[in-house]
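> Before we start, here is the structure in question, set down as structure tokens.
The values are calculated or read from the model by the stated rules, or taken from the named source; none is laboratory data. Computed from a predicted model, the values in this text were never measured in an experiment. Neighbour counts are summed over all protein chains in view; Cβ atoms, including those assigned to glycine, are modelled from backbone coordinates with ideal geometry. In case anyone asks, the SASA skips ligands and DNA or RNA and just uses the protein heavy atoms, side chains included. Shrake-Rupley method; radii C 1.70, N 1.55, O 1.52, S 1.80 Å.
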Amino acid sequence: MIETQHVGLAGELDALTYAPAVPRGPLCGVGALLAATDQATAATLRRVLDTPGVSATAIAEVLDQHGRAVTAYTVARHRRRGEANGCRCARSAAPATSPLVQAEDATVASPPINTPEEGTLMGLYRQDGTRITKATVPAAALNDPPVRITEDIFTSESYGRGDGQPEGSKRFLLYPAGTIAMRSVIDRLFAPATVTSISPADGPAAGGTTITIKGDNLDGVSAITFGNTTGTELRIRSAGELTVKSPSGAAGAVTVTLDDDSGPVAKPNGFTYA
């Protein structure tokens, strides 16, 4: 009788050991984002969260740029999930997909979630039980090559309005040198410029009119053309405002084109020469 009870208890404890973790409370902002977003984005965020060199503030800022309002405090708490005073989200295994951001010594593909012991044989199977052969592995080539960051990259924000630095004075490490990131992730950090107003909208044909252009993400603009002629004295005042002097031109309306990091932004009939 005693032996039977012991075996039964051992079995119950063994079952509890391998039972899935049960969440201890509602998901935090990061946990809710992981649950709601697509698999590729979730894999990216998990990998970034587990990269010590990326600050919680930098992660929160990137999420905020993409419409996800999450504070740096929430990101930091989620990183401590499973520890005392940490996030209430249950720690879960990341999907077996290729990480989008990873440390320098990591391989391009994530290891399988369950790995056999050394020396054991393992076949590959589909969910329905059919065997997968070497020639029929369900995988597709990606047109999104990984790139290696060759020097530290920082994100920034201003101390306050009018601190004199368009790109911001406070800097936070976003990608340490050696980090591997997918090209699409890097590209998404460069939001395209938009133009909401050009003032004044007209000036003399001789040029020399100081024009203020307002919009969003203007800090990546490197040149402005009026028709086919480049303006002078370009000044980036902030991410939302810049000034430039109009060149000389023939009477009539011309297209104002901003040469931006993410591609040219054209404003037809944006300026009229008197």
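> Name every residue in segment 55-74 that is assigned to a loop (DSSP other than H, G, I, E, B) and modelled with pLDDT under 75, in order of residue number.
Within segment 55-74, the subset assigned to a loop (DSSP other than H, G, I, E, B) is 55, 66-71.
Result: HIS66, GLY67, ARG68.
> In this structure, does GLY168 turn out to be at pLDDT below 80, buried (at least 16 other Cβ atoms within 10 Å of the Cβ) and at positive phi? Explain how you work it out, then say what you get.
Values: at pLDDT below 80: yes; buried (at least 16 other Cβ atoms within 10 Å of the Cβ): yes; at positive phi: yes.
Yes: the conditions hold for GLY168.
> Another question, if that's okay. Say we look at segment 124-143 and pick out the residues that are of a type in the set (A, V, I, L, M, F, W, C), open to solvent by 80 Å² or more (accessible area, probe 1.4 Å) and closer than 30 Å to ARG183 by Cα; which of these is modelled with the highest pLDDT?
ALA135
> Can you tell me which residues in segment 241-274 are out of contact with any Asp or Glu (no Cβ under 7 Å at 6 or more places or on another chain), more than 30 Å from ASP187 (Cβ to Cβ), open to solvent by 40 Å² or more (accessible area, probe 1.4 Å) and touching a residue at least 40 places away in the same chain (Cβ under 8 Å)?
SER248, ALA250, ALA251
> Continuing with the same structure: Among the residues in segment 200-221, are any assigned to a strand (DSSP E or B), in contact with a helix residue (DSSP H, G or I) (Cβ under 8 Å, 6 or more places away or on another chain) and touching a residue at least 24 places away in the same chain (Cβ under 8 Å)?
Quick first cut of segment 200-221, residues assigned to a strand (DSSP E or B) only: 202-203, 210-216.
Checking which are in contact with a helix residue (DSSP H, G or I) (Cβ under 8 Å, 6 or more places away or on another chain) leaves us with none.
No, there is no match, as no residue in segment 200-221 is assigned to a strand (DSSP E or B), in contact with a helix residue (DSSP H, G or I) (Cβ under 8 Å, 6 or more places away or on another chain) and touching a residue at least 24 places away in the same chain (Cβ under 8 Å).
> Do you know which of the residues in segment 189-210 that are among the β-branched types (Val, Ile, Thr) and either at pLDDT below 95 or under 33 Å from the mean Cα position of the chain (by Cα) (or both) is surrounded by the fewest Cβ atoms within 10 Å (Cβ to Cβ)? Let's see the steps before the verdict.
Start the filter on segment 189-210 by keeping residues that are among the β-branched types (Val, Ile, Thr), which leaves 194-196, 198, 209-210.
When the remaining residues are screened for being either at pLDDT below 95 or under 33 Å from the mean Cα position of the chain (by Cα) (or both), the result is 194-196, 198.
Numbers: THR194: 15, VAL195: 18, THR196: 9, ILE198: 19.
Checking each candidate, the answer is THR196.
> Next question, about the same structure. Just to be sure, is PHE226 aromatic (Phe, Trp, Tyr) and at pLDDT below 95? If you could, list the steps in order and put the result at the bottom.
Numbers: aromatic (Phe, Trp, Tyr): yes; at pLDDT below 95: no.
Against the criterion (aromatic (Phe, Trp, Tyr) and at pLDDT below 95), PHE226 does not qualify.
Here's the yes/no breakdown for (1) modelled with pLDDT under 80; (2) within 21 Å of LEU49 (Cα to Cα); (3) among the charged types (D, E, K, R); (4) assigned to a helix (DSSP H, G or I):
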{"position": "GLU117", "(1), (2), (3), (4)": "yes, no, yes, no"}
{"position": "MET122", "(1), (2), (3), (4)": "yes, no, no, no"}
{"position": "THR150", "(1), (2), (3), (4)": "no, yes, no, no"}
{"position": "GLY164", "(1), (2), (3), (4)": "yes, no, no, no"}
{"position": "ALA181", "(1), (2), (3), (4)": "no, yes, no, no"}
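> While we're on this one: Would you check which residues across segment 12-40 are at pLDDT 75 or above and either among the aromatic types (Phe, Trp, Tyr) or not in a loop (DSSP other than H, G, I, E, B) (or both) and list them?
GLY29, VAL30, GLY31, ALA32, LEU33, LEU34, ALA35, ALA36, GLN39
> Being within 28 Å of ILE149 (Cα to Cα) and hydrophobic (A, V, I, L, M, F, W, C), is that true of even one residue in segment 207-220?
Step one: list which residues in segment 207-220 are within 28 Å of ILE149 (Cα to Cα), which gives 216-220.
Cutting the leftovers down to hydrophobic (A, V, I, L, M, F, W, C) gives us 218.
Looking through segment 207-220, at least one residue is within 28 Å of ILE149 (Cα to Cα) and hydrophobic (A, V, I, L, M, F, W, C).
> Does segment 225-264 hold any residues that are β-branched (Val, Ile, Thr) and in contact with a Pro (Cβ under 7 Å, 6 or more places away or on another chain), and which are they?
Going residue by residue through segment 225-264, those that are β-branched (Val, Ile, Thr) are 225, 229-230, 232, 236, 243-244, 254-257.
Matches in segment 225-264: THR229, THR230, THR232, ILE236, THR255, THR257.
> Of all the residues that make up segment 222-240, how many are in a loop (DSSP other than H, G, I, E, B), open to solvent by 60 Å² or more (accessible area, probe 1.4 Å) and of a type outside the set (Ser, Thr, Tyr)? Please lay out each step first, then the result.
Looking only at segment 222-240, we keep the residues that are in a loop (DSSP other than H, G, I, E, B), and these are 222, 227-228, 231, 239-240.
This time we only want the ones that are open to solvent by 60 Å² or more (accessible area, probe 1.4 Å), so: 222, 228.
Filter once more, keeping what is of a type outside the set (Ser, Thr, Tyr): 228.
Number of matching residues: 1.
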